[in-house]
Structure formats: C-alpha cells, structure tokens
Amino acid sequence: MALLVERPLRLCSAHYLLRIRHTIRECMPGQFVNLRGWSGHDPLLRRPFSVFNRESDVLELVIRVVGKGTEILSRMEPGEIDLLGPMGRGFTIMENRSVLLAGGGVGNAPLHYLARMLKERGNRVSCIYGARSREYIYREKEFREICDSVIFTTDDGSFGTAGTVTDAAREILSHEAFDRIYSCGPTAMMRSMVELAGSAPIEISVENYFGCGIGLCMGCTIETTQGMKRACIDGPVFDGSSIKWESLC
Ligand SMILES: Cc1cc2nc3c(=O)[nH]c(=O)nc-3n(C[C@H](O)[C@H](O)[C@H](O)COP(=O)(O)OP(=O)(O)OC[C@H]3O[C@@H](n4cnc5c(N)ncnc54)[C@H](O)[C@@H]3O)c2cc1C
Ligand code: FES
C-alpha cells in the first residue's frame, strides 16, 4: 500500500500536487499510476495519472479536478492510498541530443519528469508549455530551471505568448531542427504536432478514457498503423506517426 505523505497542495486553478510514498523499482517518464482514494463502488474504477516527478521513493502527481474521482483525491487526508504502478510504456530517453517538448494543460505533467531525465542525460531541452490562461500554469519556475528554454503560451494572452502551443511550435520549427519531439495534451494539439514534426521522430502520450487500466477491458483501445493497441499496456506513449487520429478524435 502507498502512502499520501501530506494533504494535496493546490498549485493553481483546479490543479493539485499529490506526493505519495511508494516502493518503486523503476519509473520512466510517460508512465502512469492507477489511483483510488475512496472505498465503495462510486467511482468504480481507479483513475490514471502520469508521473509528474519522482524523488527517490516519493512520486509526485498533478491532478486536475474534473469529476468525482479527482475531486475526492484533491481533498484526501494523508494516509494510505490505493496505487497500482508505475505502469505502461514511457518515453524514449535520448542522450546528448536536442529535443523539443510540447505540452498542453495538464498534459504538461509528464513532460516535467521527462525534461528532468532528458537534462540528466545531457540533452538540450526546449519546451513549449501551453495553457488556457495564467490561472492554469503550475510550477513555472521549475520548468524554467530544468529546461534550456521554455516558451509559455496562453490562449487568452494572460501569460507568455498569446496563442496556442502549435503556433509556437510552427515558429520554432521554421528555423530549428530537433532530434526528437515529445508531446502530451489535447488530441487535436498532438495531431497538429505530428503534422508539424514532418520527418522528425515524435512521441506522444495519449490520455484517452481508460477502464481497468491493466490491459483487461479493451476500453482504451486505439487504432494505429500496427493495428489496434491498448493504450494502458502498449502506451500511453506511442510513435506519433503511427496513430490513426480518427480513432481518437
Ligand atoms: C495515461 C493517462 C494519464 C493521465 N494523466 C493525468 C494527469 O497527470 N493529471 C490529470 O489531472 N489527469 C490525467 N489524466 C486524466 C485523468 O485520468 C482523468 O481526468 C480522471 O480519470 C477523471 O476522473 P474523475 O472521476 O474525476 O472524472 P469523471 O467523473 O470520470 O469524468 C469527469 C469529466 O471528465 C471527462 N474525462 C474523464 N476522463 C477523461 C480523459 N481521460 N480525457 C478527457 N476527458 C476525460 C469526462 O468526460 C467527464 O466530462 C490521465 C489519463 C490517462 C489515460
Ligand atoms: S483500460 Fe482496460 S484494457 Fe486498457
């Protein structure tokens, strides 16, 4: 059993940081945990969340409150918490290369841990962090510290550059080449990122609806050029060029 070490910390509008002590052997950026902070059958299933950070045996998650499960998690008291994982296929970690990370909303969460690990492996890390508005930006200072460069974009222009992640990516990619691009966020954004990447390798992390989260129910199946894949077992990280986007949009 894992242990929530302190009350969830409010980071920004509707977003909370959960710190959970857990015996972890390996944890790659892009992997997720299945979490349940309630007893009984409502909600029925555990909820999946990407790893935002890891400090030895403490996992950090950023949770955006959207419904009953996340609402309960955001109000939990320290103590035991039901956690499965880390599980799923994470991002490919390059060494001594130049990489671009592009995240939208709560999709920036897995990119934080990814940026940290990529920096530790000698990569030059550029990041585009997109959000609806200033109230939805969390851990700005940490992103600036970890990455070599960060561009913040907001849809309403209340912070950073006005516009979308893809507007900023289009501009950067017009004059700079990257060895790999990583993206997580809304489906339409990731789809555009794959188009913008052209021939550059791009990995995306899907956040579609999960059921069991452990490969049994087929509820998370998506279509790829290699056939139908279960996002919870074969992903959530996929080669962006392999996704048949119509199955997700
Ligand atoms: C691999 C993976 C990683 C994820 N990582 C994070 C993370 O780091 N932080 C985070 O806050 N969330 C993350 N999510 C999304 C998170 O799992 C859902 O928001 C959560 O399960 C909602 O539970 P709930 O009971 O609060 O909401 P529900 O009552 O289940 O749903 C409330 C509303 O949210 C919508 N919703 C629920 N799940 C999703 C989803 N997956 N995509 C789009 N809309 C949804 C529903 O349609 C409904 O409108 C991730 C999802 C996946 C699959
Ligand atoms: S969520 Fe059940 S198989 Fe993936």
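Working only within region 202-230, note down all residues that are farther than 16 Å from N108 by Cα and touching a residue at least 40 places away in the same chain (Cβ under 8 Å).
Matches in region 202-230: F210, G211, C212, G213, I214.
Looking at G37, G90, which one is small (G, A, S), at pLDDT below 95 and either under 20 Å from Y209 (Cα atoms) or buried (at least 21 other Cβ atoms within 10 Å of the Cβ) (or both)?
G37
Considering only residues that are under 14 Å from the mean Cα position of the chain (by Cα) and more than 16 Å from ligand 2 (Cβ to nearest atom), which ones fall in region 27-58?
Once the filter is applied, which keeps residues that are under 14 Å from the mean Cα position of the chain (by Cα) and more than 16 Å from ligand 2 (Cβ to nearest atom), region 27-58 yields C27, M28, P29, V51, F52, N53, R54.
Given the criteria in contact with a strand residue (DSSP E or B) (Cβ under 7 Å, 6 or more places away or on another chain), assigned by TED's automatic domain parsing to the domain that holds S192 and surrounded by fewer than 24 Cβ atoms within 10 Å (Cβ to Cβ), does D82 qualify?
Considered against the rule, which asks whether it is in contact with a strand residue (DSSP E or B) (Cβ under 7 Å, 6 or more places away or on another chain), assigned by TED's automatic domain parsing to the domain that holds S192 and surrounded by fewer than 24 Cβ atoms within 10 Å (Cβ to Cβ), D82 comes out as no.
Among A197, A168, which is more than 15 Å from ligand 1 (Cβ to nearest atom), in contact with a strand residue (DSSP E or B) (Cβ under 6 Å, 6 or more places away or on another chain) and farther than 22 Å from L248 by Cα?
A168
Condition (residue is closer than 24 Å to K229 by Cβ and touching a Lys or Arg at 6+ places or on another chain (Cβ under 6 Å)) applied to region 63-70: is it met by at least one residue?
no
In region 155-239, which strands (runs of 3 or more DSSP E) lie fully inside it and hold 1 or more residues that are within 11 Å of ligand 2 (Cβ to nearest atom)?
So the answer is 221-224, 227-230.
Of all residues in region 1-19, which are under 20 Å from I214 (Cα atoms) and not in a strand (DSSP E or B)?
Correct list: M1 only.
More than 30 Å from E171 (Cα to Cα), β-branched (V, I, T) and surrounded by fewer than 16 Cβ atoms within 10 Å (Cβ to Cβ), is that true of V58?
yes
Looking at this structure, is G69 in a helix (DSSP H, G or I), within 16 Å of ligand 2 (Cβ to nearest atom) and either hydroxyl-bearing (S, T, Y) or over 29 Å from S149 (Cα atoms) (or both)?
Yes.
Find the residue count for region 20-35, including only residues that are part of a strand (DSSP E or B) and either under 22 Å from S205 (Cα atoms) or without any contact (Cβ under 8 Å) to a residue 24 or more places away in the chain (or both).
Total satisfying the criteria: 4.
How many residues are over 20 Å from C217 (Cα atoms) and either buried (at least 23 other Cβ atoms within 10 Å of the Cβ) or without any contact (Cβ under 8 Å) to a residue 40 or more places away in the chain (or both) if we restrict to region 67-77?
Total meeting the criteria: 5.
How many residues are hydrophobic (A, V, I, L, M, F, W, C), closer than 17 Å to V51 by Cα and away from ligand 1 (no atom under 11 Å from the Cβ) if we restrict to region 200-232?
Counting residues in region 200-232 that are hydrophobic (A, V, I, L, M, F, W, C), closer than 17 Å to V51 by Cα and away from ligand 1 (no atom under 11 Å from the Cβ) gives 2.
The values are calculated or read from the model by the stated rules, or taken from the named source; none is laboratory data. These numbers come from a predicted model, not from an experiment. Every residue, glycine as well, gets a Cβ built from its backbone with ideal geometry; the counts of neighbours run over all protein chains shown.
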